[in-house]
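A.B. asks: This structure is in structure tokens; I'll ask about it shortly.
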Amino acid sequence: MSSPSEDARLTVGPPADHAAGLEAVRVSMGRAVKQMGVVKAARNLLTLNQADGFDCMSCAWPDPKGHRHTAEFCENGAKAVSWEGQRDTVGPAFFAAHPIAELAGQTDHWLEKQGRLTHPMVRRAGGTHYEPISWDDAFALVGEHLRALATPDEAVFYTSGRASNEAAFLYQLLARAYGTNNLPDCSNMCHESTGTALARTIGIGKGSVSLDDLHQADLIVVSGQNPGTNHPRMLTALEIAKRDGAKILAINPLPEAGLLRFDNPQKARGLAGRGTALADTLLPIRSNGDLALWQAIGHLLLEADALDHEFIASSTVGFEAWAEHVRHLDRDAVLAATGLTWAQIEDAAAMLAGAKRIVHCWAMGITQHHNAVATIKEFVNVALAQGMIGKPGAGLCPVRGHSNVQGDRSMGIWEKPPASFLDALRTEFGFEPPRAHGYDAADAVRAFRDRRAKVFVALGGNFVAAMSDTDVVAEGMRGAELTVQISTKLNRSHVEPGRTALILPTLGRTEQDRTGGLVQRVTVEDSMSEVHASRGRATPAGPLLRSEVDIICGLAAATLGDRHGIDWAGFTTDYDRIRDRIGQVVPGCAGYTERISTGGFTMPHPPRDSRTFPTPEGKAVFTVSPIEVLQVPPGRLVLQTLRSHDQFNTTVYGLDDRYRGIKGGRRVVFISAEDLAELGLADGDHVDLISEWIDGRERRADRFRLVEYPTPKGCVAAYYPETNPLVPLDSQAAESGTPTSKSVIVRLSRAGAQAPSKKP
Ligand SMILES: Nc1nc2c(c(=O)[nH]1)N[C@H]1C(S)=C(S)[C@@H](COP(=O)(O)OP(=O)(O)OC[C@H]3O[C@@H](n4cnc5c(=O)[nH]c(N)nc54)[C@H](O)[C@@H]3O)O[C@H]1N2
Ligand SMILES: Nc1nc2c(c(=O)[nH]1)N[C@H]1C(S)=C(S)[C@@H](COP(=O)(O)OP(=O)(O)OC[C@H]3O[C@@H](n4cnc5c(=O)[nH]c(N)nc54)[C@H](O)[C@@H]3O)O[C@H]1N2
Ligand SMILES: [Mo]
């Protein structure tokens, strides 16, 4: 809850009309120097995304080939690097001074700001504090707990999308050699809807474009994405495309600054001038209206016969049924769902009809709804109808979040692994992997809630704050016998620990990894399936830190001994040994070690590479989805939970959201003037948010300041993770199970007198 002093610090100004420019350079250099010191800041930022440097951990946007700018990073990449390179540390003295109960009362921002974790720590059953433990004792403790479980399915192995390919491959090997497919990951909360929709329709769950395709497109559609904040380097690609005459169609309930205009800070012109106007059209759609919109666009394209009949005939199935469905469009349903006028929809359809090379981009504004999978299938229908896949300048571009979330999935971090992957694992390692599907993120929470799961291991991330229904997750974790967090910084998941709890501090991406006495590198895969090496150079935050690979091998050896004859210690002497095994198991990775030494390679993608579609039908598949729209009872609003410009997921760097005019606080709700008037409220009033769900339980998040904002009537927005207690665990996207973080039904209730409290 915000305290009176927080209320006083919060100021609200007008939203910005453009992104980046000089201000971004000033902010990023200022932060870097403050947190890392001048020398380290310069050294770190100059090796960011360079051919022999480390891969930026702020997002999964690809690096340009050939010429790279000296500063191939963005403001938010620089923030991520500074945050990791922070000089403050959190060691035994800190934990002795702060009981866990006290830490639990601090905000997410405060927890991470304390600095880098430096020592393995344990909270013993019944203990009030974390205390130091040796690495060997920590590994032995995990081994004892895991071996004592009644079945391996009582353990859950979570992954956040920062883990390298090497770490991810060994982690899934550990889980499966131990005997479970319980490998939920942040993807379950993120682009799972994308993977589900694309696997069914084009036969592979990844995007089909390269950076060159974006540059060559003549129309780029950006749906449900805020690139100015979350993928700032994408703005450079949009700028290049625009320079060559491309149009941009943005679809978003909020007029995000990065969609409107871009001052490229890497160019003298950007530093001085007004930059490039980006979106030609911005459709201010109502939250959750995209499925209806795309059916209407399909309808209009069909009517205009702006279709690629040759491609439809040669490469797809199901066209007739889809055409029949969208031909009989319920226009009123479309207008109600989208909040747009028919003329606006016609204009958008005309942009598509007039384009020859279209790229469809999307992110969380699409994937985190109940109808997410159907919506993505609908873009695919339109892309297929126009033949916009597997040709230069065209394709599907889900813009991933975490820098290696796509690579982790390629490496087998998946609770529903394909049989072919498990077969390859069996052939390579000589054991029979478990076949039953494991828990995804939401199922894992249910399993802890119901005490069916007992041990939680996290390779990075902040599961307690990132998942929906925070109180349920926290209670579930507190009931676990053991929680193990492999982390760089203190977060909520450490202060809602299991009965016994370990914190295992690890090296970050920027730091030199000398495991086994060699300078090791790791590899990652970006949003466009490019695999390349990453090597940090900074001095580690402390001498005890170990690499993720080293920690996983330590856990595995202590748990499995030499079961299945896997030489865990051998992997830590030279990571090439891991890459050789990846080459044997993961499709498209033969010769992995050599190929990453010569600049990297692109993972195979049959639709992109050869217009072949590895679906059961052997062709791309049109699908039919009824228009499904969220039903909102009178007086209620649809809340979307999103990111400020000053955070990376649950990592809150600071309390400003520059582009949206917010300074010094995060407990704000963006709301339209019409809704304010209708509810008898005003800008500046404070309200409590109450979410309503079919289980009848009311979930609350208290004391938010209302901010009048240009968003469609009926739609409000507030920041995550503060609002995660409002997202019901069972409110998930159909088919993919992704929490519906972008459509939570809430009511506002005028807040009582200011109640001081430190809790977030
Ligand atoms: N600096 C920084 N970079 C990041 C992250 C970060 O937190 N900070 N997070 C990383 C991760 S893991 C991810 S997944 C990505 C997230 O990248 P984004 O998806 O850009 O992140 P969100 O802040 O969730 O923004 C969602 C956008 O969708 C819009 N939206 C909401 N509902 C709807 C809807 O119903 N329809 C449409 N058309 N639009 C809608 C919102 O207004 C908002 O602009 O960014 C990655 N990069
Ligand atoms: N309401 C709501 N909830 C959401 C979302 C939303 O839009 N709305 N978005 C969802 C999305 S898209 C995602 S991807 C998830 C994110 O979920 P997670 O990936 O679980 O969360 P993060 O906040 O990225 O994790 C931050 C923590 O990672 C650790 N860390 C950082 N770097 C490293 C590293 O190099 N190695 C290791 N081992 N640890 C490291 C640090 O301890 C840090 O505290 O949240 C989801 N939750
Ligand atoms: Mo994400």
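The values are calculated or read from the model by the stated rules, or taken from the named source; none is laboratory data. From a predicted model like this one, the values you see are computed outputs, not experimental measurements. Glycine gets a Cβ as well: all are built from the backbone with ideal geometry, and neighbour counts include every protein chain shown. We work out accessible area using only protein heavy atoms, side chains counted, and drop any ligands, DNA or RNA first. Shrake-Rupley method; radii C 1.70, N 1.55, O 1.52, S 1.80 Å.
A.B. asks: Could you tell me whether any residue of region 692-699 is within 19 Å of P14 (Cα to Cα), open to solvent by 50 Å² or more (accessible area, probe 1.4 Å) and more than 12 Å from ligand 1 (Cβ to nearest atom)?
C.D. replies: no
A.B. asks: Still on this structure, I have one more. Tell me, please, whether a residue that is under 30 Å from R200 (Cβ atoms) and part of a loop (DSSP other than H, G, I, E, B) can be found in region 697-717.
C.D. replies: no
A.B. asks: Filter region 182-203 down to the residues that are surrounded by fewer than 24 Cβ atoms within 10 Å (Cβ to Cβ) and in contact with a Phe, Trp or Tyr (Cβ under 8 Å, 6 or more places away or on another chain) and list them by number.
C.D. replies: G203
A.B. asks: Another one. Quick check on region 608-651: of everything there that is basic (K, R) and within 30 Å of H402 (Cβ to Cβ), which residue is surrounded by the fewest Cβ atoms within 10 Å (Cβ to Cβ)?
C.D. replies: R611
A.B. asks: For region 351-369: of the residues being open to solvent by less than 10 Å² (accessible area, probe 1.4 Å) and away from ligand 2 (no atom under 13 Å from the Cβ), which is nearest to the chain's Cα centre (by Cα)?
C.D. replies: C361
A.B. asks: Please go through (1) at positive phi; (2) open to solvent by 30 Å² or more (accessible area, probe 1.4 Å); (3) assigned to a strand (DSSP E or B) for E735 and return the number of the only condition it doesn't satisfy.
C.D. replies: (3)
A.B. asks: Here's another thing I want to ask about it. Based on this model, can you work out whether H129 counts as away from ligand 3 (no atom under 16 Å from the Cβ), at pLDDT 95 or above and either over 28 Å from A436 (Cβ atoms) or open to solvent by less than 20 Å² (accessible area, probe 1.4 Å) (or both)?
C.D. replies: yes
A.B. asks: Just the residues that are outside any loop (DSSP other than H, G, I, E, B), open to solvent by less than 20 Å² (accessible area, probe 1.4 Å) and not aliphatic (A, V, I, L, M), please, taken from region 514-542.
C.D. replies: Within region 514-542, T515, T523, E525, S534 meet the criteria.
A.B. asks: Please indicate, with yes or no, whether at least one residue in region 658-681 is assigned to a loop (DSSP other than H, G, I, E, B), within 16 Å of ligand 2 (Cβ to nearest atom) and either closer than 30 Å to S28 by Cβ or not hydrophobic (A, V, I, L, M, F, W, C) (or both).
C.D. replies: yes
A.B. asks: If you check V669 against the conditions, is it at pLDDT 95 or above and touching a Gly at 6+ places or on another chain (Cβ under 7 Å)?
C.D. replies: No, not satisfied.
A.B. asks: Considering only region 335-345, I want to know if a residue exists there that is under 25 Å from L214 (Cβ atoms), of a type in the set (A, V, I, L, M, F, W, C) and surrounded by fewer than 24 Cβ atoms within 10 Å (Cβ to Cβ).
C.D. replies: Yes, some residue in region 335-345 is under 25 Å from L214 (Cβ atoms), of a type in the set (A, V, I, L, M, F, W, C) and surrounded by fewer than 24 Cβ atoms within 10 Å (Cβ to Cβ).
A.B. asks: Further question: Could you list, ordered by first residue, the pairs with Cβ atoms under 9 Å in which the first is in region 483-497 and more than 17 Å from M467 (Cβ to Cβ) and away from ligand 3 (no atom under 16 Å from the Cβ) and the second is part of a helix (DSSP H, G or I) and of a type in the set (D, E), at least 6 apart or interchain?
C.D. replies: I486/E548; T488/E84; K489/E84; K489/E112; L490/E112
A.B. asks: Given the criteria under 17 Å from Y171 (Cα atoms), in contact (Cβ under 8 Å) with a residue 12 or more places away in the chain, assigned to a helix (DSSP H, G or I) and not polar (S, T, N, Q), does V549 qualify?
C.D. replies: Considered against the rule, which asks whether it is under 17 Å from Y171 (Cα atoms), in contact (Cβ under 8 Å) with a residue 12 or more places away in the chain, assigned to a helix (DSSP H, G or I) and not polar (S, T, N, Q), V549 comes out as yes.
A.B. asks: While we're here: Out of (1) touching a residue at least 40 places away in the same chain (Cβ under 8 Å); (2) closer than 20 Å to L198 by Cβ, the odd one out for I582 is which?
C.D. replies: (2)
A.B. asks: Taking region 652-682, which residues are among the acidic types (D, E), more than 13 Å from V716 (Cα to Cα) and touching a strand residue (DSSP E or B) at 6+ places or on another chain (Cβ under 7 Å)?
C.D. replies: D656
A.B. asks: Moving to a separate point now. Pick out the one residue from G407, G412 that is open to solvent by less than 20 Å² (accessible area, probe 1.4 Å), more than 16 Å from ligand 3 (Cβ to nearest atom), under 24 Å from the mean Cα position of the chain (by Cα) and not charged (D, E, K, R).
C.D. replies: G412
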